[in-house]
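Structure first, then comments.
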Amino acid sequence: MSIYLHFRAVAESEIRDDHAWLAAFMSEAWENDIAEYEAGIAHSINKGWDAVSDLYSVADARYADADEPWNLPIYGGRPVPHSAGADPSDPPLMLLEPPGVSQAARFLTTVSFDALWNVVGARFSVLGGTREEYLDHHRDLQEFYGQAASAGHAVVKAVWA
């Protein structure tokens with residue numbers, strides 16, 4: 001079974017703060033994933049997003065006074081609660097507003113992947129993860145968040161099973 005964390009950059013003015021509406025928006029985005037990936041407005045990670053967050057958590061000591069920006073790329077944002085009468089099969093959603101997107105982009109461009117990997121690489125390799133796999137995730141997230149921040153966009157996150 002595959003499970004994905006799906007990211008979609010969008011202008012904040014185009015978002016309705018309503019779970020049912022956001023779930024429909026993200027469902028449509030998921031169906032158009034290839035075109036949206038190519039446009040740089042969408043990204044997803046299959047299964048391993050928690051490990052990517054663990055990689056970034058190593059930076060916690062370096063950024064201790066900055067409201068945990070290492071947490072922003074994966075788990076940052078506020079949960080969007082289900083509306084009354086919402087479809088219970090709708091995915092869990094989070095919304096990271098433009099200031100958080102900018103902070104995540106800054107973190108991703110300033111943190112040293114090599115320094116993080118030097119701390120956790122041996123543990124991740126034992127669990128089956130490769131350096132190249134995590135480096136690809138890091139580079140993809142750098143590009144995605146960099147473009148979203150440059151455009152002043154928010155990021156909506158959904159979990160799809």
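Here is the figure for segment 1-39: residues that are basic (Lys, Arg) and either assigned to a helix (DSSP H, G or I) or under 16 Å from the mean Cα position of the chain (by Cα) (or both) total 1. Do any residues in segment 148-161 that are at negative phi have Cβ atoms under 6 Å from those of residues that are of a type in the set (Lys, Arg), where the two are at least six apart or on different chains, and which pairs are they? Close Cβ pairs satisfying both conditions: Val156/Arg8.
The set of residues in segment 123-134 that are in a helix (DSSP H, G or I) and either of a type in the set (S, T, N, Q) or loosely packed, with under 10 Cβ neighbours inside 10 Å (or both) comprises Ser125, Val126, Glu132.
Inspect all residues belonging to segment 102-115 and state whether any of them is among the hydroxyl-bearing types (Ser, Thr, Tyr) and surrounded by 18 or more Cβ atoms within 10 Å (Cβ to Cβ). Yes; the residues of segment 102-115 include at least one that is among the hydroxyl-bearing types (Ser, Thr, Tyr) and surrounded by 18 or more Cβ atoms within 10 Å (Cβ to Cβ). Candidates in segment 40-53 are the residues that are polar (S, T, N, Q) and not in a helix (DSSP H, G or I); of these, the one that is modelled with the lowest pLDDT is Asn46.
For segment 75-84, a residue qualifies if it is touching a residue at least 12 places away in the same chain (Cβ under 8 Å) and surrounded by fewer than 19 Cβ atoms within 10 Å (Cβ to Cβ), and the qualifying residues are Tyr75, Arg78, Pro79, Pro81, His82, Ser83.
Pairing residues of segment 34-50 that are more than 27 Å from Phe124 (Cα to Cα) and of a type in the set (A, V, I, L, M) with residues that are at pLDDT below 95 and not in a helix (DSSP H, G or I), at Cβ distances under 7 Å and at least 6 apart in sequence or on separate chains, gives no pairs at all.
Can you confirm whether segment 80-103 contains a residue that is among the hydroxyl-bearing types (Ser, Thr, Tyr) and modelled with pLDDT of 95 or more? Yes - at least one qualifying residue is present in segment 80-103.
Only one of the listed residues (Glu12, Glu38) is farther than 22 Å from Glu132 by Cα and of a type in the set (D, E, K, R). That residue is Glu12. Answer yes if at least one residue in segment 129-145 is at pLDDT below 95, of a type in the set (Phe, Trp, Tyr) and touching a Ser or Thr at 6+ places or on another chain (Cβ under 9 Å), and no otherwise. No, that holds for no residue.
Count of segment 135-155 residues, restricted to those that are hydrophobic (A, V, I, L, M, F, W, C), surrounded by 16 or more Cβ atoms within 10 Å (Cβ to Cβ) and out of contact with any helix residue (DSSP H, G or I) (no Cβ under 6 Å at 6 or more places or on another chain), is 1. Has segment 55-63 got at least one residue that is modelled with pLDDT of 95 or more, surrounded by fewer than 18 Cβ atoms within 10 Å (Cβ to Cβ), in contact with a helix residue (DSSP H, G or I) (Cβ under 9 Å, 6 or more places away or on another chain) and not acidic (Asp, Glu)? There is no residue in segment 55-63 that is modelled with pLDDT of 95 or more, surrounded by fewer than 18 Cβ atoms within 10 Å (Cβ to Cβ), in contact with a helix residue (DSSP H, G or I) (Cβ under 9 Å, 6 or more places away or on another chain) and not acidic (Asp, Glu).
The values are calculated or read from the model by the stated rules, or taken from the named source; none is laboratory data. Because the structure is predicted, anything quoted here is derived from the model rather than measured. Virtual Cβ from ideal backbone geometry, glycine too; neighbours counted across all protein chains shown.
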